[in-house]
1. Using all C-alpha to C-alpha distances in the chain, build P(r) with 10 Å bins and read off the rounded percent in each one.
2. Run the simple label-point estimate for residue 408 and residue 106 please: 7 Å along Cα→C-beta, distance reported in nm.
3. Test of understanding: what is the full-extension gain from residue 176 to residue 155, defined as 0.36 nm times their sequence separation minus their Cα-Cα distance?
4. Please give the calculated 222 nm ellipticity per residue for the chain, where each DSSP H segment of at least 4 residues contributes -39500 (n - 2.57) and the sum is spread over every residue; nearest 500 deg cm²/dmol?
5. Going by how many other beta carbons lie within 10 Å of each one, how would you line up 184, 410, fewest first?
6. What is the percent of Cα-Cα separations in the range 339-414 that go past 17 Å?
7. Please give the length that would be gained between residue 368 and residue 118 if that part of the chain were fully extended, namely 0.36 nm times their separation in residues minus their C-alpha to C-alpha distance (nm, one decimal).
8. If packing is taken as the average number of other Cβ atoms within 10 Å across a peptide's residues, how do 347-355, 366-374 rank, most packed first?
């Protein structure tokens, strides 16, 4: 893996290393950036973030493409009004979708919508074509919101506590907290036929050599005070832990081709977020289907696993906190694997980019290819002590498979 890492200490100027999203400004990328700001202000978890991004980009895509008619429609197949302005449609669709999902951010959204409309040439934003575009964008967004209101996120399911047998997940430290978002495993997908379409086989058996290798690797390198984890590995683990679908959309903004028309850009972000959201759904499906324990319990309770090649460490603690849901598969590997594969399919794999997060200021990493990042996010979860290698490698393959079928079958040219 030929990866060029640049780890920048806090306080050192790093602006020259970071691609500017402002260098490729259009209405779709502008509203993608606004979506990031709105979602950050609302502080939802990554699964809620990526669902919101997929919904918003559904609305933007069908609004813009319904006018341009460059690609096949996704959900809304109505005819756009003749003469509607696609920039106005994109802005209004994004505004309406985001307002429906995050009504508490109305002030920020109204300010951004006014700025967007004022930037469109034509009678200070009040032309007939702009009015038609806005009406169309609002119609599309409301249709999409109504569809996703019944996608299963609000479904009440019994709390999931796992179990206390060897190999069974339970919350850290004592199994008293139910797992997070079990209903996400049944969420209506964007491109998959159902949430279990790409469900992988089970994790390694507790008595297998592969399981022992996974446990022993994480026990050594993922512990909070590991003597073998390098400072670079620690920083990368922290950076990827701070990286969510918001940061990965920022990466996408930094590499959007300048030659793209508005419909091309709308398709670009729609495919990325469709695949990423389906990756999250597939990950949760596997997690709650197999209910496999995290390294925290696997290592502390290794004397119960029946494997002579593992040894318990009752005081073992991971570098980063484990999310409150089962281990197998790694959803970060699945979501990032899907995202990076879509980018590779659309732009070519050998595309350099820089990753950063406002949650870890001053630390950045530059990759020379999308596939390098997809591999390293999995390694970072091992270095952080919250996943086994098998869960990361299988998760990446699942994400890439989802991306392949999304790009092959959805939003195709007319």
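A short reminder: the numbers here are calculations on the coordinates, not readings from a lab. For clarity, every value in this text was computed on a predicted model and none was experimentally measured. All Cβ positions, even for glycine, are placed from backbone atoms using ideal geometry, and neighbour counts span all protein chains on display.
1. With a bin width of 10 Å, the distribution comes to 5, 22, 31, 24, 12, 5, 1, 0.
2. The two pseudo-label positions are separated by 4.6 nm.
3. On the way: separation 21, 0.36 × 21 = 7.56 nm, distance 2.21 nm.
5.3 nm is the gain from fully extending residue 176 to residue 155.
4. -17000 deg cm²/dmol
5. Values: 184 25, 410 17.
With the fewest neighbours first, 184, 410 line up as 410, 184.
6. Values: 1558 of 2850 pairs.
The proportion of pairs with Cα distances above 17 Å equals 55 percent.
7. Separation in residues times 0.36 nm, less the Cα-Cα distance, equals 86.2 nm.
8. Descending packing order for the listed peptides: 366-374, 347-355.
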